[in-house]
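*Asks:* One structure, pasted below without further comment.
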Amino acid sequence: MPLDGVFLSQIKNELEPVLLGGRVDKIHQPAKETVVIAMRAKAGNHKLLLSASASNPRLHLTTQPQDNPKAPPMFCMLMRKHLSGAKLVALRQIGLDRILHFDFETTNELGDRVVLTLAVEIMGRHSNIILVDQNNRIIDAVKRINDEMSRVRPILPGMSYTLVPAQDRLNIFTAAPAQVLERVHNSEQELSRALLGALEGMSPLVCREIAHHVTRGTEITSSLLDEEQQTRLRFYLAQLSDRLNAGQTTPTMLVDASGKPKDFTYLDINQYGHTLVSRSFQTYSELLDSFYSERDRIDRMRQRGADLLKLLVNLSDRVARKLATQREELKASTEREMWKVYGDLINSNLYILERGMPSAELDNYYEAGCPKVKIPLDVMLTPAQNAQRYYAKYRKADTAERKLRELIAQGEAELQYFDTVFDELARASLESELNAIRTELAEQGYVRKTIKRGMKEEKLQPLRYRSDDGFTILCGRNNTQNDRLTLRESRNSDIWFHTQKIPGSHVIIQTEGKLVPNRTLEQAAIIAAYHSNARESAKVAVDYTQIRNVRKHPANKPGLVLYEPFQTAIVDPDHILVARLAQAAK
C-alpha cells in the first residue's frame, strides 16, 4: 500500500510543529471507522482526520467538509469524554511501523493529571484506532477484535495494549547501503521483492522504483546483480537515506492522462514513463486530502445511499417494463385502419352476406385494382353486427393510441427524471444531500415521507462559484434546487447552462445586467460539465441560453425543462478549476 512507514514518518514530521501543544476542541465520527479531531493550536485551528478503513486507512490534516451523524456513535462519545480539552504533548512512531501514537495530557475523573495515548495503526484491513490509558490498558477501539478474530492480538476494553510483533528488517534511515546489499544479494527473489523483504517501512512502489533505477527497468533476480548494478544500488540507497534524514522529500501524486489519482509517494517516480504524471503538493496532508477525498466520498455515499440506489433501480426497471408493454400495444393499434376498412366493406356488401358465414372475400375498393380481401366473421353475429364489431375495435384502438402516446411520453419523461436522480445520487457528498434526494422522491410520491419530530430539515444552499471576471455562478445540488434556481430565483437576463442530453445540474451566471465575457461563459460551462454524469468524460457538449428562454417541461417533473433557442459549448471537466472558483467564492 502507498502509505508506508517512511511516508508516515514524513506525516509525523509535518504534524509535530503544527499540532504539538494544541488542545482538543471537538471530536466527530463522520463514518464508522473515521474520526475527525478539531484542535486549537498556536499555528491556528486544524482538523485531524484518522481513518481505520480497510480500503483507505490514513491520518492527516483535512480541510474537506465532513457530514456528521445526528447521533454520535459510542466510540465518538467515549473519545469526547476522555479527550475533550486534552493537550497533545507527544507524537511517537514505533520504528518505521505504520503506527503513530498521539499522547494527550488530560485530567481524569479524580482530578489527577494523566497521559492517554491514541494509537493509530495504518495496516490495511488490520487498521485500527485505539484509546489507551496511563496504565497501558485499552479503554476502547474503533474496531474491537476478539479471540475468534485474532488469537495473536485481541483488542478489547480492559486488555493490555501490545504492539504489533516486530519484523527483522533494516531501517533505511540508519542502515548502511552495504548491509542492505548483503541482505538482498542472498535472496533468490526479484530485486524489488527482495528489497521489500529487507527494508522496514518501504512500499512496493518505492521498492520497484529502486529496482527500476538499478536495473534500468529490467527485473532480475537480486543474487544475479553484477558489479555495476551493485554500485548503483549502494549509491541510490545512500542518496535516498541522506534525503530522508535531511527531510528533502516532496509530496507527490501520480495521476493518469485524465487527471485521475493513481498513487502517491515522497520521491520522484520514473518507472511508469509517460503513462503517469507526477503532481507535487505543498504538504503531505494536502496530498492525502486530495487523493482520498473523492474515493472516501464515493465509498461513504455508496453505503449511506444503498437504499436509495436500490429504490431507484426498482422504479426504473418497473417503468422500463411498462414502457415496453405500452410500445407493443401501440404497435398493435396501428392496424386499426384495416378494421375500419373491414367494417366499410361489410356494410357495402350486406346484400350478399348471411349470418353464420365464417368469413367473406370482398373487393377492397380502397386499393387500386380492387384486390380481394378475406375478412374473418363471427358466425354468431349478423353481417351488420360484424361491421359494428370492427368499428368498435377501430374506435377502441384509436382511443388507445392517443392514450398510449400520452402514457409513453410520461414514461419516457419519468425515466429521464430517474436518470437525473441517479446522477444526483452519484455526486452526493453530504448526508444532507442524500436527505434532500429522499425528500424530493417523497414529494413525487415514490417513497413515504417520514416526519422526524423536533428536527428541522436542513435547507441546502446551491454551490457557489466566482469566475475570474468576478461574476457569481450558482449550481444546483438536486432537482428541487435546480427548479428553484432556474424558474424562481433567477432573472431573465441571467445565463443558464446544462449538459446536452446528459443528466446534470442547472448552472446560472448572475449577470446583474452586465455583458458576460467569454472566459466566464467557458468557466460556467466547465462547472456544468463537472457537475453532470459526464464528469469523467472529455469534450462535453454544454447548452446555454438566457433564463427567459427556459420553461418547465410538460411532464412537470423536478429539474426537467425545455429551452430554445440556445448555443452549445464544447468543454473538458476540470476539477482543479472548479475547486479554485469555489474557493474564490468563499
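The values are calculated or read from the model by the stated rules, or taken from the named source; none is laboratory data. From a predicted model like this one, the values you see are computed outputs, not experimental measurements. FYI the Cβ positions are ideal-geometry reconstructions off the backbone, even for glycines, and counts take in every protein chain you see. Ligands, DNA and RNA are stripped out before the accessible areas are found, and what is left, the full protein with its side chains, is counted by its heavy atoms. Shrake-Rupley method; radii C 1.70, N 1.55, O 1.52, S 1.80 Å.
*Asks:* Counting pairwise Cα distances across region 367-495, what percent come out greater than 19 angstrom?
*Replies:* On the way: 5834 of 8256 pairs.
In whole percent, the long-distance tail amounts to 71.
*Asks:* If I compute solvent accessible area with a 1.4 Å probe over the protein chains, what percent of it on the chain is carbon and sulfur? It would help to have the intermediate numbers written out before the result.
*Replies:* Values: 15030 of 30450 Å².
C and S fraction of accessible area: 49 percent.
*Asks:* I would also like to ask the following. Restrict the search to region 328-425; then list the trypsin sites (Lys or Arg not before Pro) that DSSP places in a loop and that have at most 16 other Cβ atoms within 10 Å of their Cβ. Each step should come with its number before you reach the end.
*Replies:* Working: sites: K331, R336, K340, R355, K372, K374, R389, K393, R395, K396, R402, K403, R405; in loops: R355.
Those satisfying the criteria are R355.
*Asks:* If you don't mind, there's one more thing I want to ask. Along the Cα-to-Cβ line of A582, 7 Å from the Cα, sits a label point; which residues in region 260-289 have backbone N less than 15 Å from it?
*Replies:* Correct set: 289.
*Asks:* How about region 473-514: which trypsin sites (Lys or Arg not before Pro) there lie in a loop by DSSP and see at most 13 other Cβ atoms within 10 Å? Can you show the working numbers first?
*Replies:* Details: sites: R477, R484, R488, R491, K501, K514; in loops: R477, R491, K501, K514.
Sites meeting the loop and neighbour criteria: R491, K501, K514.
*Asks:* Another question, if that's okay. Where in region 66-80 does the amide nitrogen come within less than 14 Å of the point 7 Å from the Cα of N435, taken along Cα to Cβ?
*Replies:* Answer for region 66-80: 67-72.
*Asks:* Under a crude label model (7 Å from the Cα following the beta-carbon direction), how far is T568 from K12 in nanometres?
*Replies:* With each label point 7 Å from Cα toward Cβ, the separation is 5.8 nm.
*Asks:* Grab the Cα-Cα distance for R484 and A178, subtract it from 0.36 nm times how many residues apart they are, and report the gain in nm with one decimal.
*Replies:* Numbers: separation 306, 0.36 × 306 = 110.16 nm, distance 6.94 nm.
Net length gain for the segment: 103.2 nm.
*Asks:* Using just the helices of the chain, give the 222 nm mean residue ellipticity in deg cm²/dmol: DSSP H runs with n ≥ 4 each add -39,500 (n - 2.57), and the total is spread over all residues, rounded to 500. Could you put the intermediate results ahead of the total?
*Replies:* Numbers: 14 runs with 221 residues, N = 586.
For the chain, the value works out to -12500 deg cm²/dmol.
*Asks:* I've got another one for you. Need one word for region 78-181: rounded, prolate or oblate. Basis is the Cα gyration tensor (sqrt eigenvalues a ≥ b ≥ c); a/c below 1.5 gives rounded, then a/b vs b/c decides. Write out the running numbers ahead of the final one.
*Replies:* Working: a/c = 2.79, a/b = 1.52, b/c = 1.83.
It is oblate, given that a/c is not under 1.5 and a/b is not larger than b/c.
*Asks:* Taking 2.2 N^0.38 Å as the expected size of a compact globular protein, what ratio does the Cα radius of gyration of region 490-563 give against it, to two decimals? Present the calculation step by step, with values, prior to reporting the outcome.
*Replies:* On the way: Rg = 12.3 Å, N = 74, 2.2 N^0.38 = 11.3 Å.
The reported ratio for this selection is 1.09.
*Asks:* Hey, rough spin-label estimate for K396 and H575, points 7 angstrom out along Cα→Cβ, what's it come to in nanometres?
*Replies:* The two pseudo-label positions are separated by 5.8 nm.
*Asks:* Now for a separate question. Pop the C-beta distance of A384 and R318 into the FRET formula with R0 = 35 Å and round what comes out to the nearest 0.05. All intermediate terms of the calculation are to be shown ahead of the outcome.
*Replies:* Working: r = 44 Å, r/R0 = 1.27.
After rounding, the FRET efficiency stands at 0.20.
*Asks:* Starting from the eigenvalues of the Cα gyration tensor, five times each then square-rooted, give me the equivalent ellipsoid semi-axes of region 148-210, largest first, whole Å. Provide the component values of the computation, followed by the final result.
*Replies:* Numbers: eigenvalues 194, 35, 23 Å².
So the equivalent ellipsoid measures 31, 13, 11 Å along its semi-axes.
*Asks:* Given a Förster distance of 45 Å, report the FRET efficiency between V114 and N186 from their Cβ-Cβ distance, rounded to the nearest 0.05. Don't skip to the end; give the middle numbers.
*Replies:* Numbers: r = 48 Å, r/R0 = 1.07.
According to the calculation, E is roughly 0.40.
*Asks:* Here's another thing I want to ask about it. Can you bin region 1-78 into rounded, prolate or oblate? Criterion: square roots of the alpha carbon gyration tensor eigenvalues sorted a ≥ b ≥ c, rounded for a/c under 1.5, prolate for a/b above b/c, oblate for the rest. Could you put the intermediate results ahead of the total?
*Replies:* On the way: a/c = 2.24, a/b = 1.15, b/c = 1.95.
Taking the square roots of the gyration eigenvalues as a ≥ b ≥ c, region 1-78 is oblate.
*Asks:* Which of the lysines could a cross-linker bridge to K81, judged by Cα under 25 Å and excluding same-chain residues fewer than eight apart?
*Replies:* Reachable lysines: K26, K32, K42, K47, K70, K143.
*Asks:* Can you list residues whose amide H is under 5 Å from L463's amide H, if they're 5+ apart or on another chain and H is modeled 1.01 Å from N?
*Replies:* Placed amide hydrogens put C475, R477 under 5 Å from L463.
*Asks:* Classify region 442-586 as rounded, prolate or oblate from the Cα gyration tensor: take a ≥ b ≥ c as the square roots of its eigenvalues, call it rounded if a/c is under 1.5, otherwise prolate when a/b beats b/c and oblate if not. Each step should come with its number before you reach the end.
*Replies:* On the way: a/c = 1.62, a/b = 1.43, b/c = 1.14.
Judged from the Cα gyration tensor, region 442-586 comes out prolate (a/c at least 1.5, a/b above b/c).
*Asks:* For the chain, go through all pairs of different Cα atoms, get the mean of 1/r, take its inverse, and jot down that Kirkwood value in Å.
*Replies:* Final number for the Kirkwood radius of the chain is 29.7 Å.
*Asks:* Taking only protein heavy atoms into account and a 1.4 Å probe, give the accessible area per residue of the chain in Å².
*Replies:* Details: 30450 Å² over 586 residues.
Per residue, the chain has an accessible area of 52 Å².
*Asks:* Separate question: If you take every residue apart from A529 with its C-beta less than 12 Å away from the C-beta of A529, what net charge results, scoring Lys and Arg +1 and Asp and Glu -1?
*Replies:* Numbers: positive: R535, K539; negative: E522, E536, D543, D572, D574.
Result for the neighbourhood of A529: -3.
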